[in-house]
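Report on the structure given below.
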Amino acid sequence: MHHRHSVRTQASASFHPLASVHPSLSLSLSLFRFLTCSIMSATLDNPETILACLLTLLVTLGISYIFYPAFQAALHDDLEFDEANLTSSQQTKPTPSNALLSLVIPAYNEEERIPIMFKAANDYLGSEHGKQTLEKLRGCSQRLGYASKQEDAHTTSIVESSIVEWVIVNDGSKDQTDPTVRKEQKHLQLPSHVWRLVNLRQNGGKGAAVKVGMNVARGDFRLMVDADGATDFGPGLERLVESLAQSQKNETSVHTQWAVFGSRAHLQDTAGAERSFVRTLLMHAFHFFVSLLISSEIQDTQCGFKLFSRDAAVACFGKLQLRRWAFDTEIVVLCSRQGTQVLEVGVPWQEIDGSKLHTSKLALALISISMLRDMLCVRLCYSLRIWIASKPAAGATATR
């Protein structure tokens, strides 16, 4: 069954409507119009006026470029998508109103790589190690007050009654990603697993796909995982859950907003030997600006393997504005401003062929400039309160 939906950024507390956009944004448009008219009306007899207008125009264009992601977020607030439940009634119980773990998998032209990732994750979740990890995660859920032990007529096992939800977000792919997902899902069904396919009506970017997936997910915990399978799923999930469980035990009070970031920082020395000088230089420059503009506490913001508690996911992805590659940096800012407890854990990771990033030197340089622009925009928008990441009320529990 297909359903049409849309996800909108929580405008009431996160962004001013375009009609009353923040002065620092509308100023760019006003200055641009004024200066264009001034230059056109200026004559060669006033070279100083022309020079002043040109310099001011350059500054205005620079401001407009920096705040372009904010304009884009305001103009394209709605993310429209179609949703299909791929799980047949013969394979599982009716879809529950909540799940223990949601796997949120953004996919763009992933017909070749996503079947490998599906099989690795499915094999692990059906193994004894996978069941033990789910049991430990259920314990984390119970400590947050999310879940209780469930039993059915056939088993008293906590693990067997757990629900794993697969949420695949097809980001306007131009290949056969949609039929590939439908085909692979039929061969990978495990008891108490549900599969949902979300198709964005147009390509919105990885940030947009993850935002939609996290907002429609039902899990007590929601794992963002890349479709390329670069992170070794089983060992990676075990490390994230173990870190969360240990941190919860050490807490003197109950926090419901948790985020555990998978990290590749421990692999930098090894990977650095295989990178070109340009790629290594850009990597260090990116880390420098992340530390300067975003946070110095997170060593790897870009790893596509992150676990969020339900409250953290609702609070963070309800406010997320960036749509493209740098959205991970905004997640760090939102977690910090909203009081989310953030952990960073090293995970096994390897480079997978078929990256969507162009690897030429020019392309990498342009992408790096774009990500720097996005980080600067994030810093300014939250500092100037153009975007507002309000903290949840004390004791409040966010719901879907």
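Would you check if Val21 is at pLDDT 75 or above, surrounded by 11 or more Cβ atoms within 10 Å (Cβ to Cβ), among the hydrophobic types (A, V, I, L, M, F, W, C) and farther than 30 Å from Ala217 by Cβ?
Considered against the rule, which asks whether it is at pLDDT 75 or above, surrounded by 11 or more Cβ atoms within 10 Å (Cβ to Cβ), among the hydrophobic types (A, V, I, L, M, F, W, C) and farther than 30 Å from Ala217 by Cβ, Val21 comes out as no.
Filter region 312-357 down to residues that are of a type outside the set (A, V, I, L, M, F, W, C), over 24 Å from Asp228 (Cβ atoms) and open to solvent by 10 Å² or more (accessible area, probe 1.4 Å), then give me how many there are.
Matching residues across region 312-357 total 6.
Are there any pairs with C-beta distances below 6 angstrom linking a residue in region 57-68 that is touching a residue at least 24 places away in the same chain (Cβ under 8 Å) to a residue that is hydroxyl-bearing (Ser, Thr, Tyr), with the two at least 6 apart or on different chains, and if so which?
Thr60/Ser28; Ile63/Ser28; Ser64/Ser28
For region 365-380, how many residues meet the condition of being within 13 Å of Met283 (Cβ to Cβ) and among the small types (Gly, Ala, Ser)?
Number satisfying all stated conditions: 2.
Just one of the numbered conditions (1) open to solvent by less than 40 Å² (accessible area, probe 1.4 Å); (2) in contact with a helix residue (DSSP H, G or I) (Cβ under 7 Å, 6 or more places away or on another chain) is not true of Leu282; which one?
Among (1) open to solvent by less than 40 Å² (accessible area, probe 1.4 Å); (2) in contact with a helix residue (DSSP H, G or I) (Cβ under 7 Å, 6 or more places away or on another chain), Leu282 violates only (1).
Before we move on, is Leu100 closer than 26 Å to Asn199 by Cβ, at pLDDT 90 or above and of a type in the set (A, V, I, L, M)?
Here the answer is yes, as Leu100 does meet what is asked.
Restricting attention to region 64-87, which residues are open to solvent by 60 Å² or more (accessible area, probe 1.4 Å) and either of a type in the set (A, V, I, L, M, F, W, C) or at positive phi (or both)?
Selection gives Leu75 alone.
Using beta carbons and a limit of 6 Å, which pairs, at least six apart or on different chains, have the first residue in region 178-191 and under 17 Å from Ile116 (Cβ atoms) and the second one not small (Gly, Ala, Ser) and not in a helix (DSSP H, G or I)?
Cβ pairs passing all conditions: Thr180/Glu111; Val181/Ile168; Val181/Leu197; Gln185/Leu86; Gln185/Trp195.
Please go through region 187-207 and pick out each residue that is buried (at least 17 other Cβ atoms within 10 Å of the Cβ), of a type in the set (A, V, I, L, M) and over 9 Å from Val169 (Cβ atoms).
Matches in region 187-207: Leu188, Val194.
Residue by residue, here is whether (1) surrounded by 14 or more Cβ atoms within 10 Å (Cβ to Cβ); (2) in contact with a strand residue (DSSP E or B) (Cβ under 6 Å, 6 or more places away or on another chain); (3) within 29 Å of Asp311 (Cβ to Cβ); (4) at pLDDT below 95 holds:
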position	(1), (2), (3), (4)
Lys119	yes, no, no, no
Asn122	yes, no, yes, no
Glu151	no, no, yes, yes
His154	no, no, no, yes
Ile158	yes, no, yes, yes
Val167	yes, yes, yes, no
Asp171	yes, yes, yes, no
Thr177	yes, yes, no, no
Thr180	yes, no, no, no
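The values are calculated or read from the model by the stated rules, or taken from the named source; none is laboratory data. The structure displayed is predicted, hence computed values, not measured ones. Every residue, glycine as well, gets a Cβ built from its backbone with ideal geometry; the counts of neighbours run over all protein chains shown. With ligands, DNA and RNA removed, areas are computed over all heavy atoms of the protein, side chains included. Shrake-Rupley method; radii C 1.70, N 1.55, O 1.52, S 1.80 Å.
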